[in-house]
Amino acid sequence: MKPHLFAALLATTALPAFAAPPLAIERFEPARFTGTWYEIAKYPDWSQRHCVSETSAQFSLTEQNTLTVVRRCRTDAGDIEEKQGLARPLGGPASPRMEATFAAPWLQLLPAVWHDYWIVDIDAHYQLAAVSDPQRKSLWLLSRTPHPDDFSYQALLGRLTALGFDITKLTATAQP
């Protein structure tokens, strides 16, 4: 076999190992996820470009097994911005793989307004969570308190590193 052909074959067989999507957690209890979560860090995100601090999300479970979301943040203008959203499970009511949108209800019929929202890590007590997409382009770290303890936070960062996330891209979210 020619060396360049062998290298190309090797590269294509090794590629799936590097491009594998993050594994969503195996077990998810939507009712335990409800309530307030504080964003403690995130990958920079275009949809939140005006949010500079105090970002939080309030999740509520509906009878249709979807999660309503109210996201609040302090903007660069000093105002509190509030957006209403919806997250619906993919693959069953207790699926950690969801798709979410903050688009107006009449736009929610369009597939383009829905984005992957996968729970990729959550601690046993539902106090710290990480949410991403299959391509690892987005990442939000959420906590039940504005300032989680450092030991738990560092443990979360270690688990995310093991899943292949670049934690150097995270930006801290200022909380009061």
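The values are calculated or read from the model by the stated rules, or taken from the named source; none is laboratory data. The structure displayed is predicted, hence computed values, not measured ones. Here Cβ is always computed from backbone atoms with ideal geometry, including for glycine, and neighbour counts include all displayed protein chains. In case anyone asks, the SASA skips ligands and DNA or RNA and just uses the protein heavy atoms, side chains included. Shrake-Rupley method; radii C 1.70, N 1.55, O 1.52, S 1.80 Å.
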Restricted to the range 139-176, and to residues that are in contact with a Ser or Thr (Cβ under 6 Å, 6 or more places away or on another chain) and of a type outside the set (Val, Ile, Thr), which residue is nearest to Thr75 (Cα to Cα)?
-> Ala174
Taking the range 35-81 only, how many residues are modelled with pLDDT of 95 or more, of a type in the set (Lys, Arg) and open to solvent by 50 Å² or more (accessible area, probe 1.4 Å)?
-> 2
Identity of the residue in the range 82-111, open to solvent by less than 30 Å² (accessible area, probe 1.4 Å) and in contact (Cβ under 8 Å) with a residue 40 or more places away in the chain, that ends up nearest to Tyr38 (Cα to Cα) = Pro96
Answer from Lys169, Lys137 - the residue that is exposed (fewer than 15 other Cβ atoms within 10 Å of the Cβ) and modelled with pLDDT under 95 = Lys137
If you go through the range 95-129, how many residues are touching a helix residue (DSSP H, G or I) at 6+ places or on another chain (Cβ under 6 Å) and within 16 Å of Glu29 (Cβ to Cβ)?
-> 3
